[in-house]
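Report on the following structure.
The values are calculated or read from the model by the stated rules, or taken from the named source; none is laboratory data. On a predicted model such as this, the values are computed, not experimentally measured, just so you know. No Cβ is skipped: glycine too gets one built from the backbone with ideal geometry, and neighbour counts run over all protein chains shown. Surface accessibility is based on the protein's heavy atoms, side chains included, excluding ligands, DNA and RNA. Shrake-Rupley method; radii C 1.70, N 1.55, O 1.52, S 1.80 Å.
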Amino acid sequence: MAVEFDQVYGMVSDSPIPLLALIEGCSAAKSFTLWFTPEKRSKVRYLKRFFESKHPKTKFKFVQIPSMNEPAKQVQALKKEIAGQSEGEDLRTAVFISAGTTTMALSMWHHSKARIWISLRKGLELSVFSPQDGQETCLVLGGGVLTLQQILFSQGWIYNGRELQHENGKLSETIDVSYSESTGELSFVKNVQHLNDSSQERAVSFMCALTDEFGFNGANYEIYGSLSKRALNLLNDAIIHTKGEGEEE
Amino acid sequence: MKKLLTMFNPNDPTPTAMAICSQNLSEVHILLVGEANYTSRQEQALERFKLWTSGSVKPVDFPEHMWLPRMDWESLLDRGISIEFHSIGSISEFNAKRIGPNIVVDFLSGSKELSVELMTQLNLTYGETSSIKYEVTQLSGHIVNVVTGEERAHSSTLSIRERVWLTAGKFALTGKRGSKEVGEQIKDWGLSFAIPKKIMPCETDELSKLLSDEDVHFDFEHGFWLEHFSAHVIATWPDVMESWHQLHVFPPTWKEFVAAAMSKKDLSWKYIGYPEEGVTEWPYGFDENGKRLKVKEMKKYVEWANNDQTTFFSNTLLTPSQLEYLWNFAFIGDVDVVAILKNGYWIFGECKHSTRFDGSWSHRTLALASLIAPRSSICAIIQSHLPTMKNQKGGINILRWPDLKNPLININASDTRKISIFSPRNLEQ
């Protein structure tokens, strides 16, 4: 079922999948206003390129708001921008609340006067909820709506089946990357068996960089194989570490 | 009088407690959404939170005479704050009329979905023009109104000891607080290069007097002075809310506490009066000379020793200095310097005043960071040997102590773009 809105408000966050799912699930919307902070500025050109090429008839507006460190100014900016955008119009507006901070989400919700909010649940299920009458519509994105290459491309990454490389050419590492269309989960698995200590540390460092790039909760991150103590110390909470077959506990 | 309405975060009660402190309203209503379906871990988090409100996290079996009164904090009752919990299955079950419209809602704690749902329900109940204030306490302690964008200072925030308890369920003690005033006086201290491969401060007698207001004379050959120096100088950084010399983290049960203290090699049993033969009967027999028979299984010996030692401490009244001495050894994790930044990040520092550098020094700092603040900590070794390094080595930042005069190497740490330099993400090293 296509959900038609005049406009949808959302935030650009680390994890690409919520925003991509929103755009695909609400592709009948006339326009999207996507707010971003200076911290996410580098992602915007890739997202813009991707959305505009995939949905040429839809209007995408990216608007910068103040930094994460200035939440009060963010609220004021959202209030001003939203008032300017919807002045004198009775628009069917929805707010996407699964990306951005609580301050941003609540501020968007309040100032937009929207009656519908959209959130993302597991398994690429969008919940479209009208709190006034308690009505909820669930949109399950079918297989093929998003592909691995599309998700990576929307963030400026390319995967050739062996190496993951950023378009700026600096970051590259051999890694297994997969995407489950049924669960909507992105997975990065790095095999460190047979790597020396310094390569292990580099591999862990690369995986930590991916958690920054795709969000702590935005993907599954796994390192397979034994790690030196120094490399283990580098691991952050988002990365699962599993020992290889035949390796000692 | 305004009342506070907030939601309990069963995954980490810290934000709930932080909202209560920052708002400082005398009547607090906490929604326990979905409490009937809490996991055991979430139930434990609620228990931790309830203990936090009581002002003392002393376990029931922990003897009163072994507890340090300074481990406690002011209870909410003593602060004039009363709490009412509302256990509900969903937000729609909450009858907002019960508490009236004269409320401040703080959304720091709780998911975004629940927050939007609560805001909507309150608006539907009382109308959008009601006097309800919708606010979010920020990690910096400031409070932001999500409707008007007004910002105000918080009333108070959580101490480091409270944060460690709420997040990790461990007791914590800090040493002396870093002083910004002292830090300003000492941060540009003159240097001496008299000892090869080790940068020393000059005029050490004068520095010693500034570092501690107690009558402590520091030995500048060793590193203790550097711990105090670092805590004071870090206090001058613009983004630091508080810095402390030393953080000790203790296990949360009486048995583990005794085991942690008594397993330290440096602890003198004689000083605390614990006899070598123990105080309870040896259960594994004696030889013809009356000597104890050895136990083959180490586990059995450890079990007996721990029981014997807990019996001893449970029945022995230590002098105040003996008690302080024991607590000095009972930690399971420690760092030399700790600080909290305005954006909620922690800095953990290990101080090493040495002519060499050893990568293994980072282990305990990293271990403690992963226990207390795994996603938001910056670890550093503050040392006298190597130059300050821009890129991390093994997950740790290496700072030369005279460079502490520049906030994190000229970095405004509350700017996440700059903080990222200190995260393990630099791939070009």
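Remarks
- Remark: pairs (first residue in the range B:96-115, under 12 Å from B:H29 (Cβ atoms); second residue small (G, A, S) and at pLDDT 90 or above; Cβ separation under 7 Å; 6+ apart in sequence or on different chains) = B:D106/B:A19.
- Set B:E276, B:E281: member being more than 18 Å from B:Q322 (Cα to Cα) and open to solvent by 90 Å² or more (accessible area, probe 1.4 Å): B:E281
Residues checked against (1) in contact with a strand residue (DSSP E or B) (Cβ under 6 Å, 6 or more places away or on another chain); (2) within 12 Å of another protein chain (Cβ to nearest Cβ):
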residue	(1), (2)
B:F85	yes, no
B:N95	no, no
B:R98	no, no
B:P101	no, no
B:V116	yes, yes
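- Test result for B:L46, aliphatic (A, V, I, L, M), out of contact with any strand residue (DSSP E or B) (no Cβ under 8 Å at 6 or more places or on another chain) and either open to solvent by less than 10 Å² (accessible area, probe 1.4 Å) or touching a residue at least 12 places away in the same chain (Cβ under 8 Å) (or both): no
- Selection within the range A:180-222 - among the hydrophobic types (A, V, I, L, M, F, W, C), open to solvent by 40 Å² or more (accessible area, probe 1.4 Å) and more than 12 Å from every other protein chain (Cβ to nearest Cβ): A:V189, A:L195
- Count - residues of the range B:324-361 that are assigned to a helix (DSSP H, G or I) and open to solvent by 20 Å² or more (accessible area, probe 1.4 Å): 5
- Residue identified as of a type outside the set (D, E, K, R) and within 30 Å of B:R163 (Cβ to Cβ) among B:W282, B:W237, B:W304, B:W269: B:W237
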